[in-house]
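The values are calculated or read from the model by the stated rules, or taken from the named source; none is laboratory data. Only a predicted model underlies this, so the values are computations on that prediction, with no experimental measurement involved. Here the Cβ is made from the backbone with ideal geometry for all residues, glycine too, and neighbour counts use every protein chain on show. The area values use the complete protein model at the heavy-atom level, side chains included, leaving out ligands, DNA and RNA. Shrake-Rupley method; radii C 1.70, N 1.55, O 1.52, S 1.80 Å.
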Amino acid sequence: MGNRGMEELIPLVNKLQDAFSSIGQSCHLDLPQIAVVGGQSAGKSSVLENFVGRDFLPRGSGIVTRRPLILQLIFSKTEYAEFLHCKSKKFTDFDEVRQEIEAETDRVTGTNKGISPVPINLRVYSPHVLNLTLIDLPGITKVPVGDQPADIEYQIKDMILQFISRESSLILAVTPANMDLANSDALKLAKEVDPQGLRTIGVITKLDLMDEGTDARDVLENKLLPLRRGYIGVVNRSQKDIEGKKDIRAALAAERKFFLSHPAYRHMADRMGTPHLQKTLNQQLTNHIRESLPALRSKLQSQLLSLEKEVEEYKNFRPDDPTRKTKALLQMVQQFGVDFEKRIEGSGDQVDTLELSGGARINRIFHERFPFELVKMEFDEKDLRREISYAIKNIHGVRTGLFTPDLAFEAIVKKQVVKLKEPCLKCVDLVIQELINTVRQCTSKLSSYPRLREETERIVTTYIREREGRTKDQILLLIDIEQSYINTNHEDFIGFANAQQRSTQLNKKRAIPNQVIRRGWLTINNISLMKGGSKEYWFVLTAESLSWYKDEEEKEKKYMLPLDNLKIRDVEKGFMSNKHVFAIFNTEQRNVYKDLRQIELACDSQEDVDSWKASFLRAGVYPEKDQAENEDGVQENTFSMDPQLERQVETIRNLVDSYVAIINKSIRDLMPKTIMHLMINNTKAFIHHELLAYLYSSADQSSLMEESADQAQRRDDMLRMYHALKEALSIIGDISTSTVSTPVPPPVDDTWLQSTSSHSPTPQRRPMSSVHPPGRPPAVRGPTPGPPLIPVPVGATASFSAPPIPSRPGPQSVFANDPFSAPPQIPSRPVRIPPGIPPGVPSRRPPAAPSRPTIIRPAEPSLLD
């Protein structure tokens, strides 16, 4: 016979587990583990066995359970057991399970009563169990025997506390009825870890072994020594029953008969016995399951809500419906166009906060990367002067010129204008790359239809490449136009008259003094290793200086570096570094900072490096020239021009500088406009107006809108998940309505547990009074072995002539079983309340065995000494 209460819970839990398994999740009910705690031979293993409903644990006298047994019950369609120490073997005969437990215990602890904290792990698979953990613990003992250590009491208590301290464990505090309950070590240990009494259930065993005339009625009614969850009395099989192979079914029937026939327990028989213990524990499991349901329901409802919108599209989904395909194609192309425009023009919804994308990256190319590329190709001063001098001499020929020739100016300007082609074409390439990346990002939403995505990317990318050619042709045309006519009447051109005055201003060309150009974090990469290696500072770049501070509050300035004679050079990224580095150095070979000829500044990305370089350009700090001086340059350094030629070179140099600045300004303005008009705006218009037609002409609609296998699987999974979530919520609702939570019992006065050490009632032996309380004649039974009995006067035997069925005796609890005490006596009503017992609580006396009708035992002080 199994645990019927548990079997009623199994379908509910299994339905819940199945519902969660269908959505690919685990249902974390985390059912409580049940631990039995008590003294030796208190009947712990029998209580546990009755709960499971199978006979498989070793029993006997003395200490039988000498290692913790962790019993994991696992729901399965077949019934078998397996041990952790021999996983390969499956036990179907539970007698073999008992033998293996005994053999494994002896293997670790020996055969002479030794104990060990190393647990035995046993798993029992059965269709009649819930997924639970039960723990059978060694009995509490005080006197070591056999191979047991001297501190066995403390070792066993520590072992027990390890298992019952867990908040999710239910504690069955098992105490035999023939022992004084106030001295129950099981209840004391339970009180330590469960002071509120929420997890502790008292179990009273061996009620059938109490002396006649005594009972545990007041204890079981939770009146004498109350517990919050009360006590449950059980009657286990005796050792004789076990050896006689009395099965659990017959034992439960005998237990039921005992409670129904016993005059002290018959009125509460429905609250006694193993079935009621099973029901109580199962109700605790039900409470735990119900407490877990709100969190599970909330989790499922949030998942269901997140799926609602997508599932709405698929509820009436028919993959081969041509109307649906046409509608989906139009919607997706339209959405693609909207997404592309939002990424280019910017939008407030779905803003990417992690990195720049689309239009923001193109803007950076226009206003940071392209100006920097223009400055990088800026002419070298020595080469330019040499070229001007050669041009002047070649134009004069054999004659010595008296005036500065215009043709030399035009020749030098045209040569400089041609150099603009490379950075302009590079700018176009960078913008094209960003456009193609943007197209790929926007087509990611078309991944459900791989052919449509592939065709869309191909058509739009092809169009962008076509516009690339036209855009580059237009830009080259702009440069050719600049070359075709040198407009010396431009309002910003300095002219010949002002060319001489211009020379003194070039070296002082700076932005507005004290204007802050940029702030931000940079890492100085080449600080001495003795000072901690690289270190991050807050940098402030103005038109005149570069300063760095400890942090962004700008209170503690570390250094200020003037920008005079500074230039920028690239530095290769270190082998182990993931930062991008550039350096600042002094062109006059002076130290820049302390003993450093250059300071290396590091950023997290190349984009940050380019942005900082562009900021330095605005401050007048230019990049280092790549070309090295050739031999001609070295010779030119030693070549001295005549004063007239030198003046002419300086004049043309200033004129060229002025005119090239005008052209650079014009190109910087026209480049973004040209690219926007010929490439970006045209691409947007193409997507909105012509893409759909190109798609229809490239392939038929059926092939374009053919779903990917992944998308079909995803749709099926989503619909299955949706229905499984609804089913799981329905099951949770069913469990909520079909089960009832048991309220937590109110607190009781359990101070007796805390004061047992000093105020517990002390067992006393008293002579039986010849005057009995009214209506309570003492029960009698046969002679009890013990020391010689002393006869009493004949008159004292009158009340024993016809012993009736005992009515309720004086309040009795569980009884002490002291092997060294005198034989117990028939209890009488106490005449006083012992010290330390709260008023109103009756005294507890030790059990008294009835003696022969004609004799009683007086007190024997000598035996107590």
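Of the residues screened, residue 753 is not one that is hydrophobic (A, V, I, L, M, F, W, C), modelled with pLDDT under 75, part of a helix (DSSP H, G or I) and within 30 Å of residue 414 (Cα to Cα).
Within segment 445-457, residues that are touching a residue at least 60 places away in the same chain (Cβ under 8 Å) sit with their Cβ atoms under 7 Å from residues that are open to solvent by 20 Å² or more (accessible area, probe 1.4 Å) and basic (Lys, Arg), at 6+ positions apart or across chains, in these pairs: 446/453; 447/453. Can you find, within segment 331-373, the residue that is nearest to residue 435 (Cα to Cα) among those that are among the β-branched types (Val, Ile, Thr) and at pLDDT below 85? Selected residue: 351. Checked against the criteria, residue 89 counts as touching a helix residue (DSSP H, G or I) at 6+ places or on another chain (Cβ under 9 Å), outside any loop (DSSP other than H, G, I, E, B) and among the basic types (Lys, Arg). Residue count for segment 692-722, restricted to those that are under 27 Å from the mean Cα position of the chain (by Cα) and under 30 Å from residue 290 (Cα atoms): 5.
Within segment 252-269, being outside any loop (DSSP other than H, G, I, E, B), closer than 18 Å to residue 212 by Cα and open to solvent by less than 60 Å² (accessible area, probe 1.4 Å) holds for 255, 258, 259. Checked against the criteria, residue 599 counts as outside any loop (DSSP other than H, G, I, E, B) and farther than 23 Å from residue 371 by Cβ. Restricting attention to segment 95-107 and to residues that are crowded, with 18+ Cβ neighbours inside 10 Å and of a type in the set (A, V, I, L, M, F, W, C), the residue that is farthest from residue 119 (Cα to Cα) turns out to be 97.
Looking only at segment 474-492, filter to residues that are modelled with pLDDT of 85 or more and of a type in the set (D, E, K, R); which one of those is surrounded by the fewest Cβ atoms within 10 Å (Cβ to Cβ)? If we take residues in segment 474-492 being modelled with pLDDT of 85 or more and of a type in the set (D, E, K, R), then 480 is surrounded by the fewest Cβ atoms within 10 Å (Cβ to Cβ).
Residue count for segment 239-251 satisfying the condition of being under 12 Å from residue 55 (Cβ atoms), in contact (Cβ under 8 Å) with a residue 12 or more places away in the chain and outside any loop (DSSP other than H, G, I, E, B): 4.
Of the helices (runs of 4 or more DSSP H) lying entirely inside segment 679-729, those containing at least 1 residues that are among the polar types (S, T, N, Q) and at pLDDT below 80 span 701-704.
The set of residues in segment 40-53 that are in contact with a helix residue (DSSP H, G or I) (Cβ under 6 Å, 6 or more places away or on another chain) and either of a type in the set (Gly, Ala, Ser) or modelled with pLDDT of 75 or more (or both) is empty. Scanning segment 449-472 for residues that are of a type in the set (Ser, Thr, Tyr) and open to solvent by less than 20 Å² (accessible area, probe 1.4 Å) yields 449, 456, 471.
Every residue, every condition in (1) touching a Pro at 6+ places or on another chain (Cβ under 8 Å); (2) modelled with pLDDT under 85, yes or no:
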site: 375; (1), (2): yes, yes
site: 393; (1), (2): no, yes
site: 423; (1), (2): no, no
site: 434; (1), (2): no, no
site: 457; (1), (2): no, no
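Just wondering, is there one or more residues in segment 568-591 that are over 19 Å from residue 372 (Cβ atoms) and either touching a Ser or Thr at 6+ places or on another chain (Cβ under 7 Å) or surrounded by 15 or more Cβ atoms within 10 Å (Cβ to Cβ) (or both)? Checking segment 568-591: at least one residue is over 19 Å from residue 372 (Cβ atoms) and either touching a Ser or Thr at 6+ places or on another chain (Cβ under 7 Å) or surrounded by 15 or more Cβ atoms within 10 Å (Cβ to Cβ) (or both). Of all residues in segment 630-666, those that are modelled with pLDDT under 70, open to solvent by less than 60 Å² (accessible area, probe 1.4 Å) and in contact with a Lys or Arg (Cβ under 8 Å, 6 or more places away or on another chain) total 2.
Restricting to segment 108-123, name every residue that is open to solvent by 40 Å² or more (accessible area, probe 1.4 Å) and either in contact with a helix residue (DSSP H, G or I) (Cβ under 8 Å, 6 or more places away or on another chain) or touching a residue at least 60 places away in the same chain (Cβ under 8 Å) (or both). Once the filter is applied, which keeps residues that are open to solvent by 40 Å² or more (accessible area, probe 1.4 Å) and either in contact with a helix residue (DSSP H, G or I) (Cβ under 8 Å, 6 or more places away or on another chain) or touching a residue at least 60 places away in the same chain (Cβ under 8 Å) (or both), segment 108-123 yields 117, 118. Scanning segment 668-691 for residues that are touching a residue at least 12 places away in the same chain (Cβ under 8 Å), more than 16 Å from residue 334 (Cα to Cα) and more than 46 Å from the chain's Cα centre (by Cα) gives 668, 670, 671, 672, 674, 675, 678, 679, 682. Only a single criterion out of (1) surrounded by 16 or more Cβ atoms within 10 Å (Cβ to Cβ); (2) modelled with pLDDT under 85; (3) more than 25 Å from residue 369 (Cβ to Cβ); (4) among the hydroxyl-bearing types (Ser, Thr, Tyr) is not satisfied by residue 611, namely (3). Does any residue of segment 68-75 turn out to be modelled with pLDDT of 80 or more, buried (at least 16 other Cβ atoms within 10 Å of the Cβ) and assigned to a loop (DSSP other than H, G, I, E, B)? Taking every residue of segment 68-75 in turn, at least one turns out to be modelled with pLDDT of 80 or more, buried (at least 16 other Cβ atoms within 10 Å of the Cβ) and assigned to a loop (DSSP other than H, G, I, E, B).
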